[in-house]
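Readers should treat all values here as calculations from the given coordinates under stated rules, not as data from a laboratory. What you see is a predicted model, and the numbers here were worked out from it, not measured in a lab. Virtual Cβ from ideal backbone geometry, glycine too; neighbours counted across all protein chains shown.
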Amino acid sequence: MPFIDINTIEAIEPVPGCRMRTPYGEKLMLSYLEMDEGAVVPLHDHPHEQGGMLIKGQVELTIGDETRICEAGSLFIIPPNTPHKAVAVNGPAVVLDVFSPVREDYAELFNKYIPPV
């Protein structure tokens, strides 16, 4: 699956107001996340390293003890096992996240809708 048309992947709604599409390879996963205004990805952590870029809108992002308003073009890296939270503010937002290694929980959800190639 070297080329991906994100519009052909059915979205998963992990929390209310958030839709994600999570194609992945052997060692990394992409997560195209669309957030409605006010949608919250609650405080959580996981053993995966996570990096990302805000593509559209504004997100109040908390990583560890630091909170910032991120705008389109903002990049971030979240170390493994670091608590983090995201809230879409002042309208909807789109975020591209990258996880390494692949998040098994997302891969399982992804595979419920998209058969392996």
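Things worth noting here:
- Entry note, the chain: the mean residue ellipticity at 222 nm calculated from DSSP H runs of n ≥ 4, each adding -39500 (n - 2.57), is -2500 deg cm²/dmol after division by the residues and rounding to the nearest 500.
- Rounded to the nearest whole Hz, the Karplus-based 3J(HN,Hα) values (6.51 cos²θ - 1.76 cosθ + 1.60, θ = phi - 60°) of segment 59-66 follow the sequence 10, 7, 10, 10, 10, x, 9, 10, with x at glycine and proline.
- Taking segment 38-117 and dividing mean pair separation by its residue count, relative contact order in percent (alpha carbons under 8 Å, at least six apart): 40
- Along the chain, the longest continuous region that contains none of the GluC sites (Glu not before Pro) in a DSSP loop with at most 10 other C-beta atoms within 10 Å is 27-117.
- Calculated log₁₀ intensity ratio I(q)/I(0) where the Debye formula runs over C-alpha points of the chain, q = 0.11, 0.18, 0.23 Å⁻¹: -0.33, -0.92, -1.48
- Kirkwood's formula applied to the C-alpha pairs of segment 66-106 gives a hydrodynamic radius of 12.4 angstrom.
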